[in-house]
Amino acid sequence: MMEKLRLDKIISATGKKSRREIKQLIKEGRILVDGRPASAPEEKYDPETTEILLDGRDLGYRRHTYVLLHKPAGLLSATEDAQSPTVLSLLPPDMQKLFPVGRLDKDTEGLLLLTDDGELAHRLLSPKNHVDKIYYARVEGELNEEDCKAFAEGMVLGDGLVCMPAELEILSPQEAQVTLREGKFHQVKRMLAARGKKVTYLKRLSMGPLALEDSLPRGAFRLLTKEEEEMLQTL
């Protein structure tokens with residue numbers, strides 16, 4: 001058993017309804033708790049042993065929330081900032097408790113995982129767990145096989161930063177797919193810059209088992225599926 005939680009907190013954690021909407025749904029008698037109409041949003045229940053239905057359908061409570069966001073350029077991968085908008089501005093009020101797992105640069109687009117599961121975030125970011133992160137990059141200059149070899153051997157940058165071996169797959173003279181097993185500050189840009197190639201566009205395509213689908217537009221997000229959650233937990 002887990003601790004009892006407020007009914008509106010349990011339902012809002014599913015990401016399907018806001019607390020304001022939940023209050024109205026309770027008034028309308030559309031939320032059933034163990035077969036009986038709920039009477040107040042502040043009622044407390046054990047979400048793992050209580051059946052909660054909305055219009056006859058199970059809401060699918062999850063202890064933690066996991067969101068896959070297609071980050072657009074121009075937003076910071078942070079929970080708050082005094083100067084610039086953050087990725088949380090794209091989420092509804094009931095998801096403002098979430099935090100990004102790792103960071104994408106302000107001008108970098110692509111897959112960003114947000115959650116309230118600190119233990120999972122730590123595992124995903126730990127270099128010893130070797131969680132692959134794949135990026136698409138466009139550069140100035142022409143990529144060559146010597147660049148691929150330098151990435152594969154690992155690099156020590158001019159400022160002393162040690163980068164683990166990575167994979168650089170050339171797609172065209174100015175385009176590449178980069179696979180990292182760590183996520184240091186501006187790493188893709190710095191590694192390519194060390195090879196004399198300035199990055200003009202960068203997008204993260206995947207992180208571990210999670211991949212950014214073409215159908216999810218910039219600025220949009222979705223909850224992870226149960227299957228995706230299970231895959232992350234087994235990493």
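Values in this text are rule-based calculations from the coordinates and carry no lab data. Treat the numbers as computed from the prediction; the structure is a model and nothing was measured. Cβ atoms come from the backbone with ideal geometry, glycine included; neighbour counts cover every protein chain shown.
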| request: Report the charge-dipole magnitude of segment 150-233 in Debye, nearest 20, computed about the Cα centre from +1 at each Lys and Arg Cβ and -1 at each Asp and Glu Cβ. | output: 520 debye
| remark: Dimensionless Rg/Rh of segment 5-58, both radii on Cα and Rh by Kirkwood, sits at 0.89
| message | To the nearest 20 Debye, how big is the dipole of segment 66-233 about its Cα centre, given +1 on the beta carbon of each Lys and Arg and -1 on that of each Asp and Glu? | response | 360 debye
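Using the Cα centre as the reference, give the magnitude of the dipole from point charges on the C-beta atoms of segment 45-119 (Lys, Arg: +1; Asp, Glu: -1; all else neutral), rounded to the nearest 20 debye.
240 debye
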| Residue separation times 0.36 nm, minus the C-alpha to C-alpha distance between E3 and Q177: what's the value? | 58.1 nm
| For the chain, what does -39500 (n - 2.57) per DSSP helix run (n ≥ 4), summed and divided by total residues, give at 222 nm, in deg cm²/dmol to the nearest 500? | -5500 deg cm²/dmol
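Need one word for segment 119-235: rounded, prolate or oblate. Basis is the Cα gyration tensor (sqrt eigenvalues a ≥ b ≥ c); a/c below 1.5 gives rounded, then a/b vs b/c decides. Intermediate results must be reported in sequence, preceding the final value.
Working: a/c = 2.35, a/b = 1.47, b/c = 1.59.
Judged from the Cα gyration tensor, segment 119-235 comes out oblate (a/c at least 1.5, b/c at or above a/b).
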| note | Given a Förster distance of 35 Å, the FRET efficiency implied by the Cβ-Cβ spacing of A40 and A73, rounded to the nearest 0.05, works out to 0.20
| remark: Averaging 1/r across every pair of distinct alpha carbons in the chain and inverting yields a Kirkwood hydrodynamic radius, in angstrom, of 19.8 Å
| field | Among L143, S77, Q187 - extreme Cα towards positive end, dipole of the chain, charges at beta-carbon | value | S77
